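The next block holds one structure in the form of structure tokens; read it before the comments.
No lab work stands behind these numbers, since they all come straight from the coordinates. What you see is a predicted model; the values in this text were computed from it and never measured. All Cβ positions, glycine included, derive from the backbone under ideal geometry; neighbour counts span all protein chains shown.
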Amino acid sequence: MPEYHSYEPKQGHGLAHDPLNSIVVPRPIGWISTLDGQGRRNLAPYSFFNLYSYKPPIVGFSSNGWKDSVRNIEETREFVWNLATRELAEAMNETSAPLPHGTDEFARAKLEAAPSRLVKPARVAASPVAFECKLTQMIPLSNLAGEPVNSWLTLGEVVCIHIDKRLIVDGVYDTIRAHPIARGGGPADYFAVEESVRFRMTRPKA
């Protein structure tokens, strides 16, 4: 029987760094581009992000605090998810800086913008995949006592998808060819998806 480090989160973890983000890994990155009500661009990464519905496709991210992305989406009801890749990792990291509202992270990270088709926020031109999304729900999260916890889950239906054709091989999207990255644990860890870590399993039949 192993010896466990057990703790109740509300009492603190008692470690040098909160292990929660190191346990739930790797987490896909929600690299979210938005516009505010005045048309100013914003681009920010969120590691609490995922795909929540297949048909219709719905993606979502959770923001710890009422940040610009959430504020902008509440105002405009639109956003774009951009795939973060190994080649774009450093630029993505630049967009995570806590900058004043209205600052253009595209400009800070020296990223070119590409026009979207059905929503107003721009895409990251260098990103090989982008989802144009329209807000479906914005849910304030709460604890067991029903009290707000200063986090918001933003969900959006994907209304248009852009995929670099180089990533489609014989009609199949090649995940590894895109070189996606995901957030790991600790203050600085990320992981890249590579061929060496691929393994395959097929779903069992009843």
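Numerical summary
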item: Members of the stretch 88-124 that are in a helix (DSSP H, G or I), surrounded by 14 or more Cβ atoms within 10 Å (Cβ to Cβ) and under 18 Å from the mean Cα position of the chain (by Cα); result: L88, A89, A91, M92, N93, E94, E105, F106
item: Pair list, Cβ < 6 Å and 6+ apart or interchain, from the stretch 98-113 residues that are over 12 Å from N82 (Cβ atoms) to residues that are in a helix (DSSP H, G or I) and not β-branched (V, I, T); result: H101/D68; R108/E94
item: Filtered residues of the stretch 165-193 (kept if assigned to a loop (DSSP other than H, G, I, E, B), free of Cβ contacts under 8 Å to residues at least 40 places away in the same chain and surrounded by 11 or more Cβ atoms within 10 Å (Cβ to Cβ)); result: D174, T175, V193
item: Residues of the stretch 34-57 satisfying the condition of being within 13 Å of T154 (Cβ to Cβ) and either of a type in the set (S, T, Y) or surrounded by 18 or more Cβ atoms within 10 Å (Cβ to Cβ) (or both); result: T34, A44, Y46, F48, F49, Y52
